[in-house]
Amino acid sequence: MTKELAEFLALAAQENDQEVKIYKNYSGRGMFGRTTYGVTCDSASSLLSAVLEYFKNNIVETEDEEGDSTPSEYEGKNLSEIEFSEFSTDNMGRDKIILY
């Protein structure tokens, strides 16, 4: 996970009253010493709910060549850039850490 994505996930969660923490050099099971950014939260579903709520409140509509508008961007980034299916989780005590 990039620093920017971790910061975005944390922002979305915090704006929806969730407590999160960014981990800078997380290395968990099956990572074989590699490190990445991660975001801890109560549950992956609560973090996803916060992200969706953030998108709903901060979405920017873009127009295609035919003039049809599509809600596809947040703060200049295309929503398709985030591959939610690529997220994984690991246990951190009572919390979960979200990895990408």
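Laboratory data are not the source of any read-out in this text; all were calculated from the coordinates shown. Remember, predicted model here, so these are calculated numbers, not experimental data. Virtual Cβ from ideal backbone geometry, glycine too; neighbours counted across all protein chains shown.
Tell me, VAL51, VAL39 in order of fewest to most beta-carbon neighbours within 10 Å?
Numbers: VAL51 19, VAL39 27.
With the sparsest Cβ surroundings first, the list reads VAL51, VAL39.
Order these by the 10 Å Cβ neighbour count, fewest first: SER27, SER45. Display every interim value, and only then the final one.
Values: SER27 13, SER45 10.
So the ranking, lowest neighbour count to highest, is SER45, SER27.
Which ordering of LEU52, LEU9, LEU99 is given by a fewest-first count of other beta-carbon atoms within 10 Å?
Values: LEU52 13, LEU9 26, LEU99 19.
Final ranking by Cβ density, sparse to dense: LEU52, LEU99, LEU9.
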